[in-house]
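Here's the structure, in structure tokens; my notes come after.
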Amino acid sequence: PLPRHFYGELAKTDDGCAILSQSGHVAELVASLKDPTAVPLEKRAALWTLGHIGGTNRGYEHEMDLLTSHADDLVECIVHMATSCELLSLRGTSLFVLGLIARSSAGKRALSHAGWAVPRDPLASVAVPNSVATLFVWPTATPPYPSDLVDVSFKPFVSPHFVKSAKTTAKTKEILRLVGDLSSTISQKEAGASLNRMKGSHPELFEDTETALAAHTILARYHYRLSARQFVMNLFEKADLSNAALNSFLWQGEDPQQAAPQGGRRRRSSVSAPSLSSTIQSLLHSHSKETVLATARHIPDHENTIFVGASEAMV
């Protein structure tokens, strides 16, 4: 038997479905599932919750109007993620969730219309496409055009060390100093506790893109254990490290036509949703070469900087 899920248990009764419908949580889960900027962990949480709801007859019945009122194409959306998502962990989660939905009669019909085969046994949480090869299709990578490559000799290209930044505060410098202390086994424990306390009292400091890039620069300059690196990345899990945000700091030319296009900021995720994988993906995406080149440059020692030389950053 499957472990019980709170939302799945609510969806088994009429009163529970009414509570879910009035809470508005289903709409939020569907929005997270369809939001391309949502972090992977948030998407997986939405997938599992919607799967447990859709796995009950009351939760997926059209008469209850619980799921269909917010996502009449829920199965099609999950099928698309299971066959086309570029993140393999989301593909796997989507495959398991479709198996949960196959436990309900309405879910079986929706999966059948989508070209998936499901067993007759309602206790068998399995669903596979009629053409199994669709699960293993991977988009063909195309090389970037020459115009997309970065010319490091281009004048507007600057290092992301934010010389003379007006946003530098004593607390920001303290955060960077503590991040530096994490590299030492002697001060690692105390520095980690201090960073946790600062994040609890000033969470907005850990959502700043400049501070997050400063921390990543320190990680690139010094030796850290894997656990310490993961700890730092989780500290800045809500910082916007999308390509658009990185370009806003990597390209600071005066000509607006030469600067990188500005995109929308990422929607903030829940408090308990770390975005370690999305952070790594953002840094390893098409502009990773820019980040590596920038962090490898010499950092000028100026006053009032967030990214300063090693002697200042660690003080």
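So, in segment 202-237, of the ones that are aromatic (F, W, Y) and buried (at least 19 other Cβ atoms within 10 Å of the Cβ), which residue ends up farthest from T172 (Cα to Cα)?
Y224
Identify, from the list L47, L29, L74, the residue that is crowded, with 17+ Cβ neighbours inside 10 Å, more than 23 Å from N243 (Cα to Cα) and at pLDDT below 90.
Of the residues listed, the single one that is crowded, with 17+ Cβ neighbours inside 10 Å, more than 23 Å from N243 (Cα to Cα) and at pLDDT below 90 is L74.
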(1) at pLDDT below 80; (2) closer than 22 Å to A45 by Cβ: which one isn't true of E61, the others all being true? (2)
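I'd like the full set of residues that are of a type in the set (D, E, K, R), in a helix (DSSP H, G or I) and within 14 Å of L176 (Cβ to Cβ), limited to segment 200-237.
Matches in segment 200-237: E210, R221.
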Among the residues of segment 11-21, is there at least one that is in the same structural domain as R109 (by TED's automatic domain parsing), of a type in the set (A, V, I, L, M) and either in a loop (DSSP other than H, G, I, E, B) or modelled with pLDDT of 90 or more (or both)? yes
Exclusive hit being touching a His at 6+ places or on another chain (Cβ under 6 Å), modelled with pLDDT under 85, surrounded by 13 or more Cβ atoms within 10 Å (Cβ to Cβ) and within 30 Å of E207 (Cβ to Cβ), set V163, V150, V158: V163
Within segment 225-240, identify whether any single residue is of a type in the set (S, T, Y) and either at pLDDT 90 or above or not assigned by TED's automatic domain parsing to the domain that holds I175 (or both), and answer yes or no. yes
Exactly one of L74, L100, L41 is more than 30 Å from A239 (Cα to Cα), touching a residue at least 24 places away in the same chain (Cβ under 8 Å) and either under 27 Å from the mean Cα position of the chain (by Cα) or not assigned by TED's automatic domain parsing to the domain that holds I19 (or both), and that one is L100
Which of (1) within 24 Å of the chain's Cα centre (by Cα); (2) at pLDDT 90 or above does L135 not meet, given it meets every other one? (2)
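The values are calculated or read from the model by the stated rules, or taken from the named source; none is laboratory data. Being a predicted model, the structure only gives us computed values, none of them experimental. Every residue, glycine among them, receives a Cβ derived from its backbone with ideal geometry; neighbour counts consider all protein chains shown.
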